[in-house]
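Asker: Quick one: the structure is below, and I'll ask about it shortly.
The values are calculated or read from the model by the stated rules, or taken from the named source; none is laboratory data. Because the structure is a prediction, the values reported are computed rather than measured. FYI the Cβ positions are ideal-geometry reconstructions off the backbone, even for glycines, and counts take in every protein chain you see. Ligands, DNA and RNA are excluded from the accessible area calculation, which covers all protein heavy atoms including side chains. Shrake-Rupley method; radii C 1.70, N 1.55, O 1.52, S 1.80 Å.
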Amino acid sequence: MYQKNILRKKYFNLRKKKYYEIDKEFFFPLLNFIKSNFKKKNLKLALYYPASFEINVLKLLENQCMENKNILLPVIEANNRMNFFSWKKNDVLLVNKFGILEPQKTKFKIPNLVLLPILSFDRNKYRLGYGKGFYDRYLNKYLKKKSNIITVG
């Protein structure tokens, strides 16, 4: 655990130094993947609201083909659990206990494509997150139920 904390600090500081705003064109490979793997109505795309120098994944929504898609954002719930709820670009967001914006709770939905926040990853594609385990717990829960969730870091 100690080593992961050192790595988290190192990669967070690197990201802070190299932070830059990306254009919507950055997402073209992902958009092509979405177009070729999901029918118009069956995409349930889970994003995160960017904070702490994260890539602004909301730029993805500026692409015309993302209009009227089912977009989900995470909500932290009791017992440090997380679920995803529908959100549209101009919907009201609430501030959670970590200072992160999240949508109002309605009926939770299970995404089929999740864009994960990430600090780093290794050669084996293991993700280093922020250390709270929200995404790990969420994915473990649904992968055990044989849910077909694709993750992108």
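Asker: Take the alpha carbon atoms of the chain, find their radius of gyration, then divide it by 2.2 N^0.38 Å using N residues; give the quotient.
Answerer: 1.04
Asker: In debye, nearest 20: dipole of the chain around its Cα centre with unit charges on the Cβ of K, R (+) and D, E (-)?
Answerer: 600
Asker: Of the accessible area of region 63-153, with the probe set at 1.4 angstrom, what percent is carbon plus sulfur?
Answerer: Taking all protein chains in place, region 63-153 shows 50 percent carbon and sulfur surface.
Asker: Antiparallel versus total DSSP beta bridges in the chain: what percent is that, nearest 5?
Answerer: Antiparallel bridges: around 60 percent, rounded to the nearest 5.
Asker: Per residue, how much accessible area does the chain have with a 1.4 Å probe, in Å²?
Answerer: Averaged over the residues of the chain, the accessible area is 68 Å².
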